[in-house]
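**Q** Sharing a structure, written as structure tokens. Questions coming.
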Amino acid sequence: MPFPGNKSLIQPKFRQVINKELCRRCKRCILSCGFGALKFENGVVGIAEKCVACHRCVNVCPEGAITIQFSELSYRPHSYWRPDIIEELYCQAETGGVVLASMGNEREFRSYFDHIVIDACQVTNPSIDPLREPMELRTFIGRKPDKIEVEKTHDNHYKLKTKLPRNVVLDTPIIFGGMSLGSISLQAQKALAMAAQRCGILMNSGEGGLHKELHPYAEHIIVQCASGRFGVNREYLERSAMIEIKIGQGAKPGIGGHLPGEKVTAPISETRMIPIGTDALSPAPHHDIYSIEDLRQLIFSLKEATRYEKPVCVKISAVHNVAAIASGITRAGADAIYIDGFRGGTGAAPKTVRDNVGIPIELALAAVDDQLRREGIRNQVSLIAAGGIRTAGDMIKAIGLGADAVAICTAALIALGCHMCQQCHTGNCSWGIATQRPELTRRLDPEWGAERLVNLVNAWSYELKEVLGLLGVNAVESFRGNRERLRGVGLNEVELRILGIKHAGE
């Protein structure tokens with residue numbers, strides 16, 4: 001048998017099936033594919049090795065002549081040495097490098113949201129009709145006082161004596177999580193910012209600075225202070241509703257970020273304050289934070305720089321000692337904690353890290369909420385849950401487990417047209433979302449994207465009202481952390497104990 005030589009052992013995962021009778025050879029599919037997976041040779045021909053199943057060609061074909069199918073390469077059945085593991089070994093044997101991956105963890109771990117059900121009212125405690133009764137979804141993110149004091153004025157009225165810490169207001173308990181300029185396009189960021197403004201919520205700039213075209217939306221933007229300190233200065237901090245110190249990311253706990261130099265174009269260079277074509281490296285640790293005391297110093301430095309007008313949030317990955325970490329962050333003076341579970345998305349991460357490091361947001365959130373309540377400091381910090389929030393049902397259950405609000409990233413990108421081809425790290429996104437190529441980014445109209453995002457937020461908000469009604473409560477605050485209204489199905493005793501819920505039927 002001859003040696004295969006330079007031929008790759010990695011087989012294509014997808015193939016394009018083109019109906020020659022329907023195809024009218026307009027070549028629109030070839031022009032639309034950001035990966036160069038189609039060519040014209042006496043008709044449109046697919047290049048299976050380059051296809052990532054982004055479905056752009058399917059979407060733009062006026063005749064519906066293209067479908068994408070799995071390339072069915074049969075391996076001998078083996079429950080341990082699965083085809084995906086074999087193909088990953090082929091890749092590393094050929095390249096000698098780390099296998100990169102985008103989006104979130106795709107392994108078949110249990111989704112605890114799918115094993116939690118919600119209690120409902122019927123007779124003794126009647127439900128509420130959300131169509132006819134008001135439902136309060138407004139959420140305040142920030143530190144709350146231990147008690148409220150009032151004093152009587154000279155004209156026999158009362159006024160608040162307690163000085164309240166600065167909070168930000170969300171009209172509904174949803175924010176758009178951090179996705180930096182560079183990891184996604186400016187058009188995608190503008191769509192998120194426009195939608196946040198219209199919905200009365202917030203979007204996160206990510207660690208890539210704040211582009212000047214986003215300045216008009218400053219009152220609805222969270223700016224990030226990551227280890228690389230890209231674009232961070234006083235003006236940047238002032239143009240925000242809240243500041244977030246990024247310590248960790250759910251998709252890659254314990255490691256830093258890397259935006260390749262080829263993605264650092266002139267606009268990104270200006271925004272991040274780095275030279276064009278230079279790799280943007282965020283080291284794993286902040287080199288001024290090696291203890292809770294150091295973190296406290298940074299929190300209050302940021303507050304001082306903004307005259308205590310901006311709440312400060314700390315973003316951490318969901319790991320095994322997350323409850324103790326959250327307790328320390330709260331006592332260090334943070335106004336909010338953003339907890340990112342291991343299902344969180346990313347523009348690029350080592351596949352081994354993405355798929356094997358971290359814990360589910362459901363367990364982390366329940367553990368943190370429980371710990372802070374036991375210590376009597378739960379009111380001192382707001383909790384934002386992220387990392388795998390897919391639907392309104394997930395959002396509602398997260399609130400029941402203790403979240404003040406949820407952050408969505410992947411769900412928001414899907415609303416913008418993302419087809420989960422998981423090739424964000426290549427910069428070739430055919431939908432104009434995770435790319436900086438001008439011929440691709442112009443495909444995403446921010447106004448069109450904002451409208452879709454507003455529809456998504458409004459739909460989730462309506463579903464939240466429906467569930468609050470069936471719970472017999474008329475405000476989201478009445479359900480926050482009320483784990484008595486949640487039940488588990490198919491969970492063992494340890495899982496039920498950590499989640500703090502009873503089994504269904506109890």
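Matching residues to (1) among the small types (Gly, Ala, Ser); (2) more than 30 Å from VAL168 (Cβ to Cβ); (3) at pLDDT 95 or above:
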| position | (1), (2), (3) |
| --- | --- |
| VAL357 | no, yes, no |
| GLU362 | no, no, yes |
| VAL368 | no, no, yes |
| ILE377 | no, no, yes |
| SER382 | yes, no, yes |
| ALA403 | yes, no, yes |
| THR426 | no, yes, no |
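**Q** Could you count how many residues in segment 223-248 are under 17 Å from the mean Cα position of the chain (by Cα) and either basic (Lys, Arg) or not assigned by TED's automatic domain parsing to the domain that holds GLY333 (or both)?
**A** So the answer is 1.
**Q** May I pose another question? For segment 447-463, state whether one or more residues are of a type in the set (S, T, N, Q), more than 19 Å from ILE184 (Cα to Cα), crowded, with 20+ Cβ neighbours inside 10 Å and at pLDDT 95 or above.
**A** Yes, segment 447-463 has at least one match.
**Q** Give ASP288, ASP335 a once-over and let me know the one that is more than 30 Å from CYS91 (Cβ to Cβ), over 19 Å from the mean Cα position of the chain (by Cα) and buried (at least 24 other Cβ atoms within 10 Å of the Cβ).
**A** ASP335
**Q** Return yes when LEU214 is of a type outside the set (Ser, Thr, Tyr), at pLDDT 90 or above and part of a loop (DSSP other than H, G, I, E, B) and no when it is not.
**A** It is false that LEU214 is of a type outside the set (Ser, Thr, Tyr), at pLDDT 90 or above and part of a loop (DSSP other than H, G, I, E, B).
**Q** Out of the residues in segment 197-211 meeting the condition of being hydrophobic (A, V, I, L, M, F, W, C) and closer than 17 Å to GLU244 by Cα, tell me which one is modelled with the lowest pLDDT.
**A** LEU210
**Q** Output the number of residues of segment 241-299 satisfying the condition of being at pLDDT below 90, in a loop (DSSP other than H, G, I, E, B) and among the aliphatic types (A, V, I, L, M).
**A** Total meeting the criteria: 6.
**Q** Run down ILE201, ILE116 and say which single residue is outside the structural domain of ASN492 (by TED's automatic domain parsing) and either over 30 Å from GLY432 (Cα atoms) or in contact with a His (Cβ under 8 Å, 6 or more places away or on another chain) (or both).
**A** None of the other options fit; the residue is ILE116.
**Q** Still on this structure: Checking GLN197 against (1) touching a Phe, Trp or Tyr at 6+ places or on another chain (Cβ under 7 Å); (2) in a strand (DSSP E or B), which test does it fail?
**A** Just one mismatch for GLN197, condition (2).
**Q** Listed residues GLU477, GLU484; which is within 30 Å of PHE140 (Cβ to Cβ), buried (at least 16 other Cβ atoms within 10 Å of the Cβ) and not hydrophobic (A, V, I, L, M, F, W, C)?
**A** GLU477 is the lone residue from the list that is within 30 Å of PHE140 (Cβ to Cβ), buried (at least 16 other Cβ atoms within 10 Å of the Cβ) and not hydrophobic (A, V, I, L, M, F, W, C).
**Q** A further question on this structure: Go through the residues of segment 84-94 one by one and say whether even a single one is hydroxyl-bearing (Ser, Thr, Tyr) and within 20 Å of GLN423 (Cα to Cα).
**A** Scanning segment 84-94 turns up at least one residue that is hydroxyl-bearing (Ser, Thr, Tyr) and within 20 Å of GLN423 (Cα to Cα).
Rundown of residues vs (1) under 30 Å from GLY393 (Cβ atoms); (2) of a type outside the set (Asp, Glu); (3) surrounded by 12 or more Cβ atoms within 10 Å (Cβ to Cβ), yes/no style:
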| residue | (1), (2), (3) |
| --- | --- |
| SER74 | no, yes, no |
| LEU89 | no, yes, yes |
| GLY104 | yes, yes, yes |
| ILE116 | yes, yes, yes |
| ILE141 | yes, yes, yes |
| THR153 | no, yes, no |
| LEU160 | no, yes, no |
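**Q** Another question, then. Look at ASN156 and say whether it is at pLDDT below 90 and over 19 Å from the mean Cα position of the chain (by Cα).
**A** In short, yes.
This table checks each residue for (1) under 21 Å from GLU439 (Cβ atoms); (2) within 31 Å of the chain's Cα centre (by Cα); (3) at pLDDT below 90; (4) in the same structural domain as LEU416 (by TED's automatic domain parsing).
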| position | (1), (2), (3), (4) |
| --- | --- |
| LEU31 | yes, yes, no, no |
| LEU38 | yes, no, no, no |
| VAL60 | yes, yes, no, no |
| GLN69 | no, yes, no, no |
| HIS78 | no, no, yes, no |
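**Q** Among the candidates ALA251, ALA218, single out the residue that is under 15 Å from the mean Cα position of the chain (by Cα) and either surrounded by fewer than 24 Cβ atoms within 10 Å (Cβ to Cβ) or not acidic (Asp, Glu) (or both).
**A** None of the others qualify; the one that does is ALA251.
**Q** Right, something else. Which number in (1) crowded, with 20+ Cβ neighbours inside 10 Å; (2) out of contact with any Pro (no Cβ under 9 Å at 6 or more places or on another chain) marks the one condition that ALA241 misses?
**A** (2)
The values are calculated or read from the model by the stated rules, or taken from the named source; none is laboratory data. Here the structure is a predicted model, which is why all the values come from computation and not from measurement. Neighbour counts run over all protein chains shown; Cβ positions are idealised from the backbone, glycine included.
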